[in-house]
1. So, residue 25, is that one touching a helix residue (DSSP H, G or I) at 6+ places or on another chain (Cβ under 9 Å), assigned to a loop (DSSP other than H, G, I, E, B) and either closer than 22 Å to residue 175 by Cα or at pLDDT 95 or above (or both) or not?
2. Quick check, is residue 262 more than 16 Å from the chain's Cα centre (by Cα), closer than 30 Å to residue 52 by Cα and in a helix (DSSP H, G or I)?
3. Among 276, 283, 305, which is the only one that is surrounded by 18 or more Cβ atoms within 10 Å (Cβ to Cβ), in the same structural domain as residue 317 (by TED's automatic domain parsing) and closer than 18 Å to residue 330 by Cβ?
4. I need the full set of residues from the stretch 31-47 which are over 22 Å from the mean Cα position of the chain (by Cα) and more than 12 Å from residue 11 (Cα to Cα), in order please.
5. Listed residues 283, 230, 276, 215; which is in a loop (DSSP other than H, G, I, E, B), modelled with pLDDT of 95 or more and within 18 Å of the chain's Cα centre (by Cα)?
6. Being touching a residue at least 40 places away in the same chain (Cβ under 8 Å) and closer than 27 Å to residue 118 by Cα, is that true of even one residue in the stretch 329-352?
7. Go through the residues of the stretch 353-362 one by one and say whether even a single one is outside the structural domain of residue 158 (by TED's automatic domain parsing), in a helix (DSSP H, G or I), over 22 Å from residue 161 (Cβ atoms) and more than 18 Å from the chain's Cα centre (by Cα).
8. Kindly establish whether residue 270 is more than 18 Å from the chain's Cα centre (by Cα) and touching a residue at least 40 places away in the same chain (Cβ under 8 Å).
């Protein structure tokens, strides 16, 4: 009897570099929970790694990692040609790009290999908000053109899909961002007490936390104002975990208030989340925010700005949190009071269930694997390159 061994599908993930931030965490989760018997994952970076690289994490998980070692300019000029050369030595069945630079390179790459792009930010609005009207519009035009050239585009939320132009929307599937619930999970009461002691957090106070960049579009100033003006502030602490251009302004606003603490950038965000009671996000624009998902996975009820991605998350179970209008400080203060007056155990359980049932990394990885198979099959059946 002859037993046929199915060949593993080779997936080449192309990224600018493996710096420590949200999109790379999503990629790591995708690969971590992939079916190793069915898929062979490779990574190709365009540029040399920075100090905050997660290259060692990927390599320790058994993933083969390569780099073209190009600057931004060289990547724009030579990236697609060098990608084709790389593929002659390291054949792949599908190419998956995850940021704007890698998307452009993949879109200009070999047409005989299925190519997909994951788009994590809203079309049109995001680049302009973060880069200005002129440069942002140029980046958006380049990114959108790349999305039109590939076989499939994935967005991380319905909001991102809806922000695309009508001609592109029909070629978009949604696979939400997700969180690793083996790493981010609720802590027992005993463990929380131990961590609070270790992190010098008060044992007898509620702890509100926000994580991420202290930037204009995360709007941490509204969080500080809302917290300090609320009735819960006196018996609570606010933690701001992260760095950014607004840190100085935030510190000046919180001056003389010992119940507002700036932690800065840390490698143990999960411990701060597990030690906290509630999570706050006042973002003006998101795709599907990692910070919110990580907080939910740790069982934290959430107080979120009323933007579409946040509404998508709470639609799974509204008990898990409350929404307030963007930049509405009095409304935020009211939400802080209301959420502390309700049944905390039910809210905490609802928060965890959102991630466990809908937005966990194992589920996300399986969705991408099904997509890879489907795109490859469609490419073979269609027989027509774009």
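The values are calculated or read from the model by the stated rules, or taken from the named source; none is laboratory data. Since we're looking at a predicted model, the values are computed, not measured. All Cβ positions, even for glycine, are placed from backbone atoms using ideal geometry, and neighbour counts span all protein chains on display.
1. no
2. Details: more than 16 Å from the chain's Cα centre (by Cα): yes; closer than 30 Å to residue 52 by Cα: yes; in a helix (DSSP H, G or I): no.
Against the criterion (more than 16 Å from the chain's Cα centre (by Cα), closer than 30 Å to residue 52 by Cα and in a helix (DSSP H, G or I)), residue 262 does not qualify.
3. On the way: 276 fails: closer than 18 Å to residue 330 by Cβ; 283 fails: closer than 18 Å to residue 330 by Cβ.
Answer to the selection: 305.
4. As a first pass, look at the stretch 31-47 and keep what is over 22 Å from the mean Cα position of the chain (by Cα): 36-40.
The answer is 37, and nothing else.
5. After ruling out the rest, the residue left standing is 283.
6. Checked the stretch 329-352: at least one residue is touching a residue at least 40 places away in the same chain (Cβ under 8 Å) and closer than 27 Å to residue 118 by Cα.
7. Yes - at least one qualifying residue is present in the stretch 353-362.
8. Working: more than 18 Å from the chain's Cα centre (by Cα): no; touching a residue at least 40 places away in the same chain (Cβ under 8 Å): yes.
Against the criterion (more than 18 Å from the chain's Cα centre (by Cα) and touching a residue at least 40 places away in the same chain (Cβ under 8 Å)), residue 270 does not qualify.
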